[in-house]
Amino acid sequence: MRLQNQLEALLEEAHIKLSSLVSDLLGVSARRMLKAIADGGTDPAALAALADKKLRATQAQLCDALGACTELQPVYRRLLKMFLEELHLIEQQIGQLDQEMAALLSQHPESVQRLSEIPGLGVDSAQQIIAEVGATPATFPSGKHLSSWVGACPGDQESAEVSQSHRSPKGNRHMRRILNQAANAAVKAKGTIFEIVYRRLVTRLGHNQTIGAIAHRLCRLIWIILHQGVRYEERGPSVNTKSRRQRPSRMIRELRNLGYRVEPLGTPA
């Protein structure tokens, strides 16, 4: 996040308005254009042609945003190249840490697989959750205790039997960030129970509070799956044989790419 903010500030100083047209300044399309600029590209039309066809911005808008590249000073190109090299190094280090985490969690492949089947979660986030709470969160006697420790539950601050605040406690910031990201992804999964709950609550609570409520549900669901050793069972309307078969296969493929040894035992309940 810090690197992205610095990169956006550099582009603003260089009068390159790319951040106003792309949703992710570090995405594939934006990075392709930024690399071409760092390598000396000066033609706005040629740079705009590097963008993905699915990008909402038109070629004319991109050309206008990249117009300053025709007379861009060399110092900006050097700084931009340094930013991209630092980003590449960070991504390499993250990849190495992911591999080391997978090696440390190689004793719990079933726990990782069960968690990664939950909508909104993947192998990456499942490994981070297990690293925080353990493969069987025995420290927490119930899902309520886990959500309270994470800080994914509404607070209950009272004085003289008068409720003062329902703000969530601070809890574990890292786990709460994972749950909020997972909740945002889960509500976009078509036909899942999380999408239904989001649509039912968002008109009354607003987006942020609804995501908090879904993160709370996810936290308690994570405790049930890890503590009781059960598999996730979708209750949404789009459940069918094909979707049940495709998701576990995809998760198994990701686990094997990280070095886990996974043998499917059968179709999950």
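Show the residue pairs meeting these rules: Cβ distance below 7 Å; 6+ apart or different chains; first residue within the range 189-207 and over 18 Å from Pro119 (Cα atoms); second residue surrounded by fewer than 16 Cβ atoms within 10 Å (Cβ to Cβ) and of a type in the set (Gly, Ala, Ser).
From the range 189-207, no pairs qualify.
If you take the residues of the range 1-28 that are modelled with pLDDT of 85 or more and small (Gly, Ala, Ser), which of them is surrounded by the most Cβ atoms within 10 Å (Cβ to Cβ)?
That would be Ala14.
Out of all the residues in the range 23-35, is one or more without any contact (Cβ under 8 Å) to a residue 12 or more places away in the chain and over 19 Å from the mean Cα position of the chain (by Cα)?
Of the residues in the range 23-35, the ones without any contact (Cβ under 8 Å) to a residue 12 or more places away in the chain are 23-24, 27.
From what's left, over 19 Å from the mean Cα position of the chain (by Cα): none.
No, the range 23-35 contains no residue that is without any contact (Cβ under 8 Å) to a residue 12 or more places away in the chain and over 19 Å from the mean Cα position of the chain (by Cα).
Scan the range 74-109 residue by residue and report those that are part of a loop (DSSP other than H, G, I, E, B) and surrounded by 12 or more Cβ atoms within 10 Å (Cβ to Cβ).
Result: Leu105, Ser106, His108.
Yes or no: the range 41-64 includes at least one residue that is under 29 Å from Arg177 (Cβ atoms), modelled with pLDDT under 85, out of contact with any helix residue (DSSP H, G or I) (no Cβ under 9 Å at 6 or more places or on another chain) and part of a helix (DSSP H, G or I). Working first, answer last.
Within the range 41-64, the first condition is being under 29 Å from Arg177 (Cβ atoms), and the residues that meet it are 52, 54-56.
With modelled with pLDDT under 85 added as a condition, the list becomes 52, 54-56.
Cutting the leftovers down to out of contact with any helix residue (DSSP H, G or I) (no Cβ under 9 Å at 6 or more places or on another chain) gives us 56.
With the extra rule that they be part of a helix (DSSP H, G or I), the set shrinks to none.
No, because not a single residue in the range 41-64 is under 29 Å from Arg177 (Cβ atoms), modelled with pLDDT under 85, out of contact with any helix residue (DSSP H, G or I) (no Cβ under 9 Å at 6 or more places or on another chain) and part of a helix (DSSP H, G or I).
When only residues in the range 126-154 that are modelled with pLDDT under 85 and within 16 Å of Ala182 (Cα to Cα) count, which is farthest from the chain's Cα centre (by Cα)?
Across the range 126-154, the extreme among qualifying residues is Cys153.
The values are calculated or read from the model by the stated rules, or taken from the named source; none is laboratory data. The shown structure was predicted, so the numbers you read here are calculated from the model rather than taken from an experiment. Please note: Cβ atoms are built from the backbone with ideal geometry, for glycine as well, and neighbour counts cover all protein chains shown.
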